[in-house]
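Peer 1: Sharing a structure here in structure tokens format.
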Amino acid sequence: MITAALETVSRWAVPLLLAGIPLYAIARGVKVYPAFLEGAKEGFQVAVRIIPALVAVLVALGMLRASGALDGIARLVGPAAEALGIPASALPMVLVRPLSGGAALGVVGDVLRAEGPDSHAGRLVSVMAGSTETTFYVLAVYMGSVGISRYRQALPAGLLADAAGFAASVLVVRALFG
């Protein structure tokens with residue numbers, strides 16, 4: 001019964017929102033198409049404004065991966081990470097996730113293919129992917145889109161939240177799956 005209700009709600013949520021928002025705007029006397037065009041124009045301007053920061057993050061990540069620096073850091077930190085309950089195969093996730101969601105999904109895919117979805121590492125990287133954020137990407141894109149260029153408190157807060165997410169992932173996977 002509940003499953004059927006949830007399936008019905010999930011099936012109709014997006015179409016109702018897509019139809020409901022313009023209908024609500026029309027009922028309030030808003031000229032929908034000109035408002036849509038104005039929003040699209042602003043969106044394009046934001047996209048142009050954030051391109052340099054986005055390119056910088058992606059280039060830095062590419063350089064770290066191509067140079068072997070990520071692998072070197074993983075080898076250096078590996079023994080300490082193993083002691084904390086993070087397998088060596090999951091360590092690239094900790095290093096890449098704050099930089100790029102796409103690269104983090106690549107790590108998840110690699111671990112799932114190599115060790116399987118029911119392995120400790122597979123479960124751990126899956127939970128890590130859902131429990132952490134792409135901090136540098138968020139700072140570059142979202143803060144850049146509104147013109148904020150000083151991240152004095154945001155960067156340490158974001159990285160601390162990521163560390164908490166990684167630690168919680170280790171504890172939750174260990175508690176639930178042994």
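The values are calculated or read from the model by the stated rules, or taken from the named source; none is laboratory data. Given the structure is predicted, the values throughout are model-derived calculations rather than measurements. All Cβ positions, glycine included, derive from the backbone under ideal geometry; neighbour counts span all protein chains shown.
Peer 1: Cβ-Cβ distance below 7 Å, separation of 6 or more or different chains: which pairs start in the range 153-168 with a residue that is touching a residue at least 24 places away in the same chain (Cβ under 8 Å) and under 14 Å from residue 136 (Cα atoms) and end on one that is assigned to a helix (DSSP H, G or I) and among the β-branched types (Val, Ile, Thr)?
Peer 2: From the range 153-168, the pairs are 158/135; 158/138; 159/135; 162/135.
Peer 1: Among the residues in the range 27-49, are any within 30 Å of residue 107 (Cβ to Cβ) and either among the aliphatic types (A, V, I, L, M) or at pLDDT 90 or above (or both)?
Peer 2: Yes - at least one qualifying residue is present in the range 27-49.
Peer 1: Then there is this: Assess whether residue 149 counts as being polar (S, T, N, Q), out of contact with any helix residue (DSSP H, G or I) (no Cβ under 7 Å at 6 or more places or on another chain) and either more than 24 Å from residue 177 (Cα to Cα) or loosely packed, with under 15 Cβ neighbours inside 10 Å (or both).
Peer 2: yes
Peer 1: Which of the residues belonging to the range 130-148 are under 17 Å from residue 60 (Cβ atoms) and hydroxyl-bearing (Ser, Thr, Tyr)?
Peer 2: Selection gives 134, 135, 137.
Peer 1: Return only the number of the condition from (1) surrounded by 15 or more Cβ atoms within 10 Å (Cβ to Cβ); (2) modelled with pLDDT under 90; (3) under 17 Å from residue 84 (Cα atoms) that residue 178 does not satisfy.
Peer 2: So the condition that residue 178 fails would be (1).
Peer 1: Is it the case that residue 131 is under 19 Å from the mean Cα position of the chain (by Cα), among the polar types (S, T, N, Q) and within 17 Å of residue 98 (Cβ to Cβ)?
Peer 2: Judged against the criteria, residue 131 is a match.
Peer 1: Are there any pairs, at least 6 apart or on different chains, whose C-beta atoms fall under 9 Å, with the first in the range 108-127 and closer than 19 Å to residue 167 by Cβ and outside any helix (DSSP H, G or I) and the second at pLDDT 95 or above and among the hydrophobic types (A, V, I, L, M, F, W, C), and if so, which?
Peer 2: Pairs that qualify, where the first residue is closer than 19 Å to residue 167 by Cβ and outside any helix (DSSP H, G or I) and the partner is at pLDDT 95 or above and among the hydrophobic types (A, V, I, L, M, F, W, C): there are none.
Peer 1: Condition test on residue 150, is it basic (Lys, Arg), in a loop (DSSP other than H, G, I, E, B) and closer than 27 Å to residue 47 by Cα?
Peer 2: So residue 150 fits the description; yes.
Peer 1: Residue check: is residue 99 closer than 21 Å to residue 64 by Cα, outside any helix (DSSP H, G or I), touching a helix residue (DSSP H, G or I) at 6+ places or on another chain (Cβ under 7 Å) and not β-branched (Val, Ile, Thr)?
Peer 2: Yes.
Peer 1: Every residue in the range 90-128 that is in contact with a Lys or Arg (Cβ under 8 Å, 6 or more places away or on another chain) and modelled with pLDDT of 95 or more, please.
Peer 2: Across the range 90-128, the qualifying residue is only 128.
Peer 1: Looking at 110, 162, which one is surrounded by 17 or more Cβ atoms within 10 Å (Cβ to Cβ) and of a type in the set (Asp, Glu)?
Peer 2: After applying the criteria, what remains is 162.
Peer 1: If you don't mind, another one. Being in contact with a Phe, Trp or Tyr (Cβ under 9 Å, 6 or more places away or on another chain), surrounded by 11 or more Cβ atoms within 10 Å (Cβ to Cβ), hydrophobic (A, V, I, L, M, F, W, C) and not in a helix (DSSP H, G or I), is that true of even one residue in the range 54-75?
Peer 2: The answer is no, given that none of the residues of the range 54-75 is in contact with a Phe, Trp or Tyr (Cβ under 9 Å, 6 or more places away or on another chain), surrounded by 11 or more Cβ atoms within 10 Å (Cβ to Cβ), hydrophobic (A, V, I, L, M, F, W, C) and not in a helix (DSSP H, G or I).
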